[in-house]
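Take a look at the structure set out below.
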Amino acid sequence: MDLSYTHEPGRRIMALSGTRGLHLYLRTLEAAVEDEIVTDDEMSILRVIARAFALPEDVMGDAWDILRNHMVNPINPTDVHAHEKRQIGDATTYQTALIAALVDEVITEDEWSMLDVMRRVMGIQSGEHALIEEAVRAMASSVEDGESFVSRLDRYVSLHPYR
């Protein structure tokens with residue numbers, strides 16, 4: 001029997017299952033941590049994903065460990081393609097994350113990257129993206145700081161056009 005006391009410690013095994021929600025969370029977190037920092041704004045996008053896919057509140061710690069290779073990734077590589085196919089509710093989840101990013105006055109490149117990852121992984125089509133934009137613009141027209149909100153949306157769309 002090998003003991004970790006006398007050998008290199010093994011990676012922990014995660015209690016979470018390899019769900020599509022966890023896959024999306026990991027992909028989005030990976031975009032957020034390119035600069036080794038997760039801001040409050042990026043956390044709000046990650047919280048949207050965690051709530052939408054019923055991930056546990058403490059998923060962030062385990063997800064960091066997975067990205068650092070300190071924990072076994074429960075996502076089976078053969079399931080990745082299936083996890084990146086469209087599903088019901090994806091457009092709503094993406095719209096909610098987009099709004100969470102636009103609410104703050106400062107939108108970082110990491111936030112833009114996270115939204116791009118979500119858009120690609122969720123398979124948001126150009127027509128759906130246009131509808132989401134229109135819905136967000138309509139919502140912005142009924143709030144106090146709507147013009148600034150739409151300005152940030154326009155910046156996002158111009159810097160990260162639908163590909």
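List every residue pair whose Cβ atoms lie under 6 Å apart, where the two residues are 6 or more positions apart in sequence or sit on different chains, the first residue falls within segment 146-163 and is under 19 Å from Arg119 (Cβ atoms) and modelled with pLDDT under 85, and the second residue, located anywhere, is of a type outside the set (A, V, I, L, M, F, W, C) and loosely packed, with under 14 Cβ neighbours inside 10 Å.
Hits for this filter: Tyr162/Ser126.
Which of the numbered conditions does Glu105 fail, given that it passes all the others? Conditions: (1) closer than 29 Å to Asp35 by Cβ; (2) modelled with pLDDT of 80 or more; (3) surrounded by fewer than 17 Cβ atoms within 10 Å (Cβ to Cβ); (4) of a type outside the set (Phe, Trp, Tyr).
Status for Glu105: all satisfied but (2).
Of everything in segment 85-111, what is touching a helix residue (DSSP H, G or I) at 6+ places or on another chain (Cβ under 8 Å) and among the acidic types (Asp, Glu)? Give them in sequence order.
Within segment 85-111, Asp90, Asp104, Glu105, Asp110, Glu111 qualify.
Give all pairs with beta carbons closer than 6 Å in which a residue from segment 15-32 that is touching a residue at least 24 places away in the same chain (Cβ under 8 Å) meets a residue that is among the β-branched types (Val, Ile, Thr) and assigned to a loop (DSSP other than H, G, I, E, B); count only pairs at least 6 apart in sequence or on separate chains.
Sorted first by the residue in segment 15-32, then by its partner, the pairs are Gly18/Ile75; His23/Ile75; Ala32/Val38.
State all residues of segment 63-85 that are of a type in the set (A, V, I, L, M) and assigned to a loop (DSSP other than H, G, I, E, B); if no residue qualifies, say none.
Within segment 63-85, Ile75 is the sole residue that qualifies.
May I ask you to say which residue of Glu8, Glu84 is on the phi < 0 side of the Ramachandran plot, loosely packed, with under 11 Cβ neighbours inside 10 Å and modelled with pLDDT under 90? Show your work before the answer.
Working: Glu84 fails: loosely packed, with under 11 Cβ neighbours inside 10 Å.
Every option except Glu8 fails the conditions.
Would you confirm, using the coordinates I've provided, whether Gln125 is of a type outside the set (Asp, Glu) and either surrounded by 19 or more Cβ atoms within 10 Å (Cβ to Cβ) or under 16 Å from the mean Cα position of the chain (by Cα) (or both)? Talk me through it step by step, then tell me what you get.
Numbers: of a type outside the set (Asp, Glu): yes; either surrounded by 19 or more Cβ atoms within 10 Å (Cβ to Cβ) or under 16 Å from the mean Cα position of the chain (by Cα) (or both): no.
Considered against the rule, which asks whether it is of a type outside the set (Asp, Glu) and either surrounded by 19 or more Cβ atoms within 10 Å (Cβ to Cβ) or under 16 Å from the mean Cα position of the chain (by Cα) (or both), Gln125 comes out as no.
Only one of Met118, Met71, Met60 is crowded, with 18+ Cβ neighbours inside 10 Å, closer than 26 Å to Ile37 by Cβ, within 19 Å of the chain's Cα centre (by Cα) and modelled with pLDDT of 85 or more; which?
One residue alone meets the criteria, Met118.
I need the helices (runs of 4 or more DSSP H) fully contained in segment 86-158, keeping only those with at least 2 residues that are over 17 Å from Val48 (Cβ atoms).
Here the list reads 126-140.
The values are calculated or read from the model by the stated rules, or taken from the named source; none is laboratory data. Everything quoted here is computed from the prediction, not taken from an experiment. Glycine gets a Cβ as well: all are built from the backbone with ideal geometry, and neighbour counts include every protein chain shown.
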